[in-house]
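*Asks:* Below you'll find the structure I mean.
Just so it is clear, none of the values below were taken in a lab; they were calculated from the coordinates. Because the structure is a prediction, the values reported are computed rather than measured. No Cβ is skipped: glycine too gets one built from the backbone with ideal geometry, and neighbour counts run over all protein chains shown.
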Amino acid sequence: MCGIVGAVGHEQCSEVILDALKRLEYRGYDSSGIVTINDGAIALKRAVGKLANLDKALRASPLIGDVGIGHTRWATHGGVSTENAHPHVAADRVAIVHNGIIENHRTIRRRLEAVGHKFFSDTDSEVLAHLFVEALDAGLDPAAATRRVLAEIDGAYAFAMMSIDHPDMLIVARNASPLALGIGDAACYIGSDAIALSHLTRKVVYLEDHDYALVRADGVSVYQADGTPVNREAVMVAASPGLVDKGGYRHYMEKEIHEQPDAIAHSLAAMTDESGRLTAKMSDDELRSINGIVMVAAGTSHYATQIARYWIEALAGVPVACEVASEYHYRQPVTAPYDTAIAISQSGESLDTMMAMRHAAKSGLKTIGLVNVADSTIAREADTVLPTRAGPEIGVASTKAFTAQLTVLLCFAVALARAKGQIDIARAETIHAEIQGLPRLVGKALGLFDAIRPVAHQLSQAKSALYLGRGALYPLALEGALKLKELSYIHAEGFASGEMKHGPIALIEDGLPVVALLAADTVMTKASSNLREASARGGKIILLCEARATDEVDYASAVVTVPDVDPLLAPILLAIPAQILAYLTAVEKGTDVDQPRNLAKSVTVE
Ligand code: F6R
């Protein structure tokens, strides 16, 4: 999703801004731009497509100046074009970059056009530049101008503004969209996240909702919406590799698939206490007081919650509801049966998930944030944080964060079950030992690329595919289908295999690829009968299963096996061939694996 960066007090301002934008590339974008103030005038460069295009334009005619802002845009209002790319400039005096949506932009635009403001783009964001021109024209100082602008706009935003009237500062504000301020030695910076600034500084101030700040070379002044100065403490963020490279792999996604043994091992370590016991980062008393859990998340993270529901209910006997975050708070849900909400998010910034967590907190639920980005908004707002330690995930399609989430959720289920006396120490230790063996088994499953390649070749010819699973493998079928469609653009649907005969079986025709997930669990025989029904109607079964489940199916056109594992862990292990299949199919089709069309890594709009 849109990325914002800025620098004030740095001589090679446009160069460091371009570097910072590259660090935000993983969020997804379709155009970009940078603006600086040079000799008292605004200097602007924008380009459609990849940052390489902006880079080329900058090489042809560099932007000079020691104050500037930059942006990668993921189109929401207005198509992908140079005019709609940020920064937006008004009256040759004010430039802005914005992430989010200004919901009342039409009303504001009509009002401003009526008094002579000329707009150049179709974006909602451009109104910000004109509102600042209007406020500065009225003689307001930067802080008062900002308050006036903030009072008029509705919606979610993080924005930065600079003006030739005040060339020594950037003005920034946030509401529901992330924004970090970086404090350097003789310069200050802004960025959508700390990764963007990791080559410049580790000292970061996070704005809270409704804050605005004046950012100068020698420091930042932060204010609440009413103008009261507020001290938001600077934190030292963990050293980040910043611009993570592909480590010799063809795509970030391929690299991240291979990083899963480490991601799982590190996440398990984070969920193990000093005495070597699985922990949920809460006391046993706190765990015992949990009587109902609602889990809110989006996309792949939502599918992780659906798998975890099987574990938490079966092991701990605690009821669980899994909610699509974007639906949850608007539904005005009855929260009474639940006392705890778990918000699950790789980025910790998905706006839908954040809003759902806030809704739960407002309704009196205790909140747990399960996130991969330690200093994200969800982590900062949740009562308790359960960390995944997958490391930065750059590929837009989630892989290692998903298996790390599952690892943490299984550890949580075990710790909860033990605290509640639902399982004994021996059972908890057996599961713990199984999880400890998981990185090794995942490592073995990573050897499946060659076996899956011909299957992916066949699948890449298909127009449509079904994914089937039963029990905890049903949500994995949904996740497998999501991976295939988002990466290869092949239409794919996931179903509970037992549900096929209630309607979806009508879709099966000769040769339709049916990716079947099977483990040696309590529902294996029933799942296998469901698959036979699909096969009998012409479905071409691609079986992803545990080695010991292969004998159950003698009608598959392709069989890919992972090592045998405790049935509890099968969804984690079988995720690996599902990811590899989607990845290799996309490679066969030649799609943009790391940044599929229309997608963004961190979805910070509703
Ligand atoms: C799919 C994918 C998305 C994300 C979703 C939530 O491969 O990555 O569906 O899972 O946008 O993102 P987070 O987990 O950052 O809240």
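*Asks:* Report, in degrees rounded to the nearest 10, the 0 to 90 angle that the Cα long axis of helix 142-152 makes with the longest principal axis of the chain.
*Replies:* Relative to the chain, helix 142-152 is tipped by roughly 50 degrees.
*Asks:* What lysines sit close enough to K463 to cross-link, taking a C-alpha to C-alpha distance under 29 Å and skipping anything fewer than 8 places away on the same chain?
*Replies:* Answer for K463, where 29 Å is the Cα cut-off: K50, K255, K400, K483, K485, K501, K526, K540, K589, K601, listed by chain and number.
*Asks:* Can you give the FRET efficiency for E11 and A151, using 1/(1 + (r/R0)^6), R0 = 41 Å, r = Cβ-Cβ distance, to the nearest 0.05?
*Replies:* Details: r = 36 Å, r/R0 = 0.88.
Efficiency, rounded to the nearest 0.05: 0.70.
*Asks:* Excluding same-chain residues fewer than 8 positions from K45, which lysines have a Cα within less than 17 Å of its Cα?
*Replies:* Excluding near neighbours in sequence, the set is K22, K56.
*Asks:* Could I ask something else about it? Can you figure out the FRET efficiency of T525 with K463, using R₀ = 35 Å and their beta-carbon distance, to the nearest 0.05? Intermediate values should be presented prior to the final figure.
*Replies:* Numbers: r = 32 Å, r/R0 = 0.91.
Calculated transfer efficiency: 0.65.
*Asks:* Take the alpha-carbon centre of the stretch 448-503, take the same for the stretch 379-442, and report the distance between them in whole Å.
*Replies:* For the stretch 448-503 versus the stretch 379-442, the Cα centre distance is 25 Å.
*Asks:* Listing T591, T146, T107 from the residue with the fewest other Cβ atoms within 10 Å to the one with the most, what is the order?
*Replies:* T107, T591, T146
*Asks:* Which residues' amide hydrogens lie under 5 Å from the amide hydrogen of V515, considering only partners 5 or more residues apart or on another chain, with H built in the peptide plane?
*Replies:* L466, Y467, L468, I542
*Asks:* Let me ask something additional. What's the angle, to the nearest 10 degrees (0 to 90), between helix 524-536's Cα axis and the longest principal axis of the chain?
*Replies:* 80 degrees
*Asks:* Please give the residues of the stretch 391-434, grouped as numeric ranges, whose backbone N is less than 19 Å from a label point set 7 Å along the Cα-to-Cβ vector of S283.
*Replies:* Output list for this probe position: 415-421.
*Asks:* With n ≥ 4 as the cut-off for DSSP H runs, can you work out [θ] at 222 nm for the chain, using -39500 (n - 2.57) per run divided by the number of residues, rounded to the nearest 500? It would help to have the intermediate numbers written out before the result.
*Replies:* Details: 18 runs with 212 residues, N = 606.
After summing the helix terms and dividing by the residues of the chain, the value is -11000 deg cm²/dmol.
*Asks:* What is the fewest-to-most order of T522, T300 by other Cβ atoms lying within 10 Å of their Cβ?
*Replies:* Ascending Cβ contact count within 10 Å gives the list T522, T300.
*Asks:* Which order results if V605, V16, V514 are arranged by neighbouring Cβ count within 10 Å, fewest first? Walk me through the numbers before you get to the answer.
*Replies:* On the way: V605 19, V16 22, V514 25.
Fewest-to-most Cβ neighbours within 10 Å comes out as V605, V16, V514.
*Asks:* What's the angle, to the nearest 10 degrees (0 to 90), between helix 570-589's Cα axis and the longest principal axis of the chain?
*Replies:* 60 degrees
*Asks:* Which order do the peptides 150-163, 71-84, 568-581 come out in when sorted by mean C-beta neighbours inside 10 angstrom, highest first?
*Replies:* In decreasing order of mean packing, 150-163, 71-84, 568-581 become 568-581, 150-163, 71-84.
*Asks:* Suppose R0 equals 45 Å; then what is the FRET efficiency for R537 and V334 from their Cβ-Cβ distance, rounded to the nearest 0.05?
*Replies:* 0.60
*Asks:* Continuing with the same structure: Under 20 Å Cα to Cα from K444, which aspartates and glutamates show up? Leave out anything in the same chain fewer than 8 places away.
*Replies:* Partners within reach: E254, E256, E259, D262, E434, E546, D564, D566.
*Asks:* Sorting check: for 6-15, 391-400, 130-139, which peptide has the highest mean count of neighbouring beta carbons within 10 Å, and how do the rest follow?
*Replies:* Numbers: 6-15: 22.5, 391-400: 24.5, 130-139: 19.3.
Ranked by mean Cβ neighbours within 10 Å, highest first: 391-400, 6-15, 130-139.
*Asks:* Cβ neighbours within 10 Å, averaged per peptide: list 328-337, 251-260 in order, most packed at the top.
*Replies:* Put in order of decreasing packing, that is 251-260, 328-337.
*Asks:* The stretch 215-234 to the stretch 35-105: how many Å between their Cα centroids?
*Replies:* Taking the Cα centre of the stretch 35-105 as reference, the centre of the stretch 215-234 is 25 Å away.
*Asks:* Would you grab the residues whose amide H sits under 5 Å from the one on V562? Only those 5+ places off in sequence or on another chain, please, with H modelled 1.01 Å from N.
*Replies:* Residues meeting the criterion, in which the H sits 1.01 Å from N, are C545, E546, A547.
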